[in-house]
Amino acid sequence: MPTLHGIPVSPFVRKVRIALQEKSISYEINPVAPVPPANDDPKFRAMSPLGKVPAYEDGDFSISDSSVILAYLDRTNPAPSIYPQDAQACARATWLEEFADSSLAEAVGPIFFQRIVAKAFFQREPDQAVIDQAMGERIPPAFDYLEGQLNGGDFLVGDQLSVADIATGSMLRTFRIAGESPDSARWPKLAAYAEQLLGRASFKECAIAEDAMLKGG
Ligand SMILES: N[C@@H](CCC(=O)N[C@@H](CS)C(=O)NCC(=O)O)C(=O)O
C-alpha cells in the first residue's frame, strides 16, 4: 500500500490526502513533522530532498511536493481526473493551484502558525501583531482575487473538482482551523464556495485525523 509521509495538519499534506480520497486510493500515513530530527532522517531525505512534507512512497518509487504528487496520482489513477481536459481550463486550474500554494498560503499561514502552531508546538502565546497584519494586508488581496475567479458555482474551473479546488480548499481549511472563515458580506461567493467545499466527504474525512491530532489524540 502506498505511504504518504507528513503530518495531517500540513495544508500540503492535506492536498494529497484529498486527492487520494477523491480517487478512492488506499494509503497509509506516516505523520513525519517537517522539522529536525524527523526530516533529517536519510530515508526521508531520499524521498524529500528539501526536507519538506509531503512525500509519497509507492513501492520502490517515491516523490515529494504536493503538486507533483497530484500529477503522479492522476497518471497512475486517472479516474476521476483532477485536471480539466481542455488545455486552457487545465492551465487555469494549475495556475489557481499555484496561487493557493503561494499567495494564499502566505496569507493564511501566519494566522495558523500564531494561533495553532506557536501554542501547540512552541508553548508560545500568539503574536497578535502578526495576525492583524496578515488579516489586514495579506488576506484581502488574496480573497479579492479568488472572489473574482468564482462564478457562484461549486468549482473554480469547469463543473468538476480539480487541483484548483483541492489546493484552495486545503488553505481555506487551514484558515478555518485557525478560527476564521471568509467574511460573507465582503466575499459572498468565496464564503459560499468554502462552505460547500469543506463540507465535501473527502474534506470531512481528513478533518477527523486533523482534529484528533490537534487535540493530542
Ligand atoms: N511546495 C511544497 C511545499 C511544502 C511545504 O512547504 N511544506 C511545509 C509544511 S506545511 C514544510 O515542510 N515546511 C518545512 C520547511 O520548509 O523546511 C509542496 O507543495 O509540497
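Starting from region 11-26, keep only residues that are without any contact (Cβ under 8 Å) to a residue 24 or more places away in the chain, then list their pairs with residues that are open to solvent by less than 20 Å² (accessible area, probe 1.4 Å) and more than 16 Å from the ligand (Cβ to nearest atom) whose Cβ atoms are within a distance under 9 Å, requiring at least 6 positions of separation or different chains.
Listed by first residue and then by second, the contacts come to nothing, as the list is empty.
Restricting attention to region 3-25, report how many residues are outside any helix (DSSP H, G or I), in contact with a helix residue (DSSP H, G or I) (Cβ under 8 Å, 6 or more places away or on another chain) and either near the ligand (Cβ under 9 Å from one of its atoms) or not β-branched (Val, Ile, Thr) (or both).
Residues in region 3-25 being outside any helix (DSSP H, G or I), in contact with a helix residue (DSSP H, G or I) (Cβ under 8 Å, 6 or more places away or on another chain) and either near the ligand (Cβ under 9 Å from one of its atoms) or not β-branched (Val, Ile, Thr) (or both): 7 in total.
Yes/no matrix, rows are residues, columns are (1) within 21 Å of ARG14 (Cβ to Cβ); (2) touching a residue at least 60 places away in the same chain (Cβ under 8 Å); (3) touching a strand residue (DSSP E or B) at 6+ places or on another chain (Cβ under 6 Å):
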| residue | (1), (2), (3) |
| --- | --- |
| ASP132 | no, no, no |
| SER184 | no, no, no |
| GLU205 | yes, yes, no |
| GLY216 | yes, no, no |
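So if I check each of TYR56, TYR72, which one is within 25 Å of PHE99 (Cα to Cα), in contact with a Leu (Cβ under 6 Å, 6 or more places away or on another chain) and either outside the structural domain of ALA91 (by TED's automatic domain parsing) or open to solvent by less than 20 Å² (accessible area, probe 1.4 Å) (or both)?
On inspection, the qualifying residue turns out to be TYR56.
Is it the case, given these coordinates, that GLU28 is open to solvent by 60 Å² or more (accessible area, probe 1.4 Å), within 20 Å of the chain's Cα centre (by Cα) and either more than 15 Å from the ligand (Cβ to nearest atom) or within 21 Å of SER170 (Cα to Cα) (or both)?
Spelling it out, GLU28 is indeed open to solvent by 60 Å² or more (accessible area, probe 1.4 Å), within 20 Å of the chain's Cα centre (by Cα) and either more than 15 Å from the ligand (Cβ to nearest atom) or within 21 Å of SER170 (Cα to Cα) (or both).
If I go through region 31-44 residue by residue, how many of them are within 8 Å of the ligand (Cβ to nearest atom) and touching a residue at least 12 places away in the same chain (Cβ under 8 Å)?
2
Got a sec? Which of LEU190, LEU197, LEU172, LEU146 is within 24 Å of VAL68 (Cα to Cα), of a type in the set (A, V, I, L, M, F, W, C), in a helix (DSSP H, G or I) and over 15 Å from the mean Cα position of the chain (by Cα)?
Going through LEU190, LEU197, LEU172, LEU146 in turn, the sole match is LEU146.
What do you reckon, is LEU146 closer than 17 Å to ARG173 by Cβ and touching a residue at least 40 places away in the same chain (Cβ under 8 Å)?
In short, yes.
Out of region 82-125, which residues are in contact with a helix residue (DSSP H, G or I) (Cβ under 6 Å, 6 or more places away or on another chain), open to solvent by less than 40 Å² (accessible area, probe 1.4 Å) and among the polar types (S, T, N, Q)?
GLN114
The values are calculated or read from the model by the stated rules, or taken from the named source; none is laboratory data. Just so we're clear, the structure is a prediction, and the values are computed from it rather than from any experiment. When we count neighbours, we look across all protein chains shown, and the Cβ atoms used for this are built from the backbone with ideal geometry, even at glycine. Note: areas computed on protein heavy atoms with side chains; ligands, DNA, RNA excluded. Shrake-Rupley method; radii C 1.70, N 1.55, O 1.52, S 1.80 Å.
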